[in-house]
Each structure stands twice: as C-alpha cells, then as structure tokens.
1. How about region 36-55: which of its residues are among the β-branched types (Val, Ile, Thr) and more than 16 Å from the chain's Cα centre (by Cα)?
2. List pairs: first residue in region 54-68 and without any contact (Cβ under 8 Å) to a residue 40 or more places away in the chain and at positive phi, second residue exposed (fewer than 13 other Cβ atoms within 10 Å of the Cβ) and part of a loop (DSSP other than H, G, I, E, B) anywhere in the structure, Cβ distance under 7 angstrom, at least six positions apart or on different chains.
3. Those residues that are touching a residue at least 40 places away in the same chain (Cβ under 8 Å) and closer than 26 Å to residue 1 by Cβ, I need them from region 89-99; list them, please.
4. Does region 104-123 hold any residues that are modelled with pLDDT under 95, open to solvent by 20 Å² or more (accessible area, probe 1.4 Å) and either among the β-branched types (Val, Ile, Thr) or more than 13 Å from the chain's Cα centre (by Cα) (or both), and which are they?
5. Quick check: is even one residue across region 13-27 among the aliphatic types (A, V, I, L, M) and more than 22 Å from residue 93 (Cα to Cα)?
6. What are the residue pairs meeting all of these: first residue in region 118-144, first residue small (Gly, Ala, Ser), second residue part of a helix (DSSP H, G or I) and at pLDDT below 90, Cβ atoms under 7 Å, and 6 or more apart or on different chains?
7. Take the residues in region 124-135 that are more than 23 Å from residue 15 (Cβ to Cβ) and out of contact with any Phe, Trp or Tyr (no Cβ under 7 Å at 6 or more places or on another chain); name whichever of them is most open to solvent (accessible area, probe 1.4 Å).
Amino acid sequence: AAKVLNSSGYYVSPSASSVAVALQSARVNQDSTSTSFQTQILDGVYDSVDPRAYPLSYYAYLVVPTEVKGVFTESKGATLGAFASYALCEGQQQAAGLGYAPLPRNLVLAGFEQIKRIPGAAGANITVDHCNNPTFGPGGSVTT
C-alpha cells in the first residue's frame, strides 16, 4: 500500500485508524428535497485537516426497507434492526481484522437514524451509551 499526501502535508498509510479518523469528516445529506437525499458527502474526508487522516477513504451502505410491504414484516424489521445495530456497534470490533476501518461516531449516529425508520426496529440498540464500537467510548467520547 502506498502512503498518500493529505491536506495537512503528511503522508499517511491506509490503516484502519487513519481511515476511521478521515471518516469523522464524512456527512450524510439530510436535505429531503435533494435528489441525493441520504447519500454520503465525502468532501470533508478528502480535504480533512487532521494530520492522521487518510484522504482516500469511503464507506459502504446497507439499504433497508422503511415500510411494511410484500414479504417484509415488522417482525423481520425487528431482526433487521437488531442486526444493523450489531453491525454499527459490536460488529465494528471485527472491522480492522477483516481489512476495514471501524465506522466513527458520526456515521454510527447516521446509521441509528436509519434504523429508526425500519418498521418494527424500535427495540434495537440505537444509542451510543450501549454501543461497543472501537472508535468511541461510553457516552460517545471519541477514542480514534
């Protein structure tokens, strides 16, 4: 892997921590009138001023249903919500070992907002207080 020069003038390797640091500057488009509503905005990632940030960082999506329709039921929504919560929290402990970076707090919170939209997922763990994610501690304090 090659080191890349970031906006702070540092050459940074693509490690789990340098990607997680960069993704702290990612945002999700919250403008419901926009054609790119709920999509990622990575300008802050590419231009991050944090000297630890790897600027060529991005993340993947999990597309979830937001209404009961066809074969999708609230019971399935409860299971999907529990899985999504696990993936955002405890599951992030496995990310680095699999060659990925754990999602930082800002993206976990954005994910929680989407879990809330899944019918039947109201019982899912959607709080940073009980989220065992390696990039932040209890209550959401950043550790990366």
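The values are calculated or read from the model by the stated rules, or taken from the named source; none is laboratory data. Keep in mind it's a predicted model, so treat the numbers as computed, not measured. Heads up, the Cβs are rebuilt from the backbone with ideal geometry, glycines too, and the neighbour counts pull from every protein chain shown. These area figures cover heavy atoms from the full protein model, side chains too; ligands, DNA and RNA do not enter into them. Shrake-Rupley method; radii C 1.70, N 1.55, O 1.52, S 1.80 Å.
1. Step one: list which residues in region 36-55 are among the β-branched types (Val, Ile, Thr), which gives 39, 41, 45, 49.
Answer for region 36-55, where residues must be among the β-branched types (Val, Ile, Thr) and more than 16 Å from the chain's Cα centre (by Cα): just 49.
2. none
3. We begin by selecting, within region 89-99, every residue touching a residue at least 40 places away in the same chain (Cβ under 8 Å); these are 89-90, 92-93, 95-96.
Once the filter is applied, which keeps residues that are touching a residue at least 40 places away in the same chain (Cβ under 8 Å) and closer than 26 Å to residue 1 by Cβ, region 89-99 yields 92, 93, 95, 96.
4. 116, 117, 122, 123
5. Taking region 13-27 and keeping what is among the aliphatic types (A, V, I, L, M), we get 16, 19-23, 26.
When the remaining residues are screened for being more than 22 Å from residue 93 (Cα to Cα), the result is none.
Within region 13-27, none of the residues are among the aliphatic types (A, V, I, L, M) and more than 22 Å from residue 93 (Cα to Cα).
6. Filtered contacts from region 118-144: 139/128; 139/129; 140/128.
7. We begin by selecting, within region 124-135, every residue more than 23 Å from residue 15 (Cβ to Cβ); these are 124-130.
Adding the requirement that they be out of contact with any Phe, Trp or Tyr (no Cβ under 7 Å at 6 or more places or on another chain) leaves 124-125, 127, 129-130.
Details: 124: 17, 125: 50, 127: 46, 129: 92, 130: 138 Å².
Here the residue is 130.
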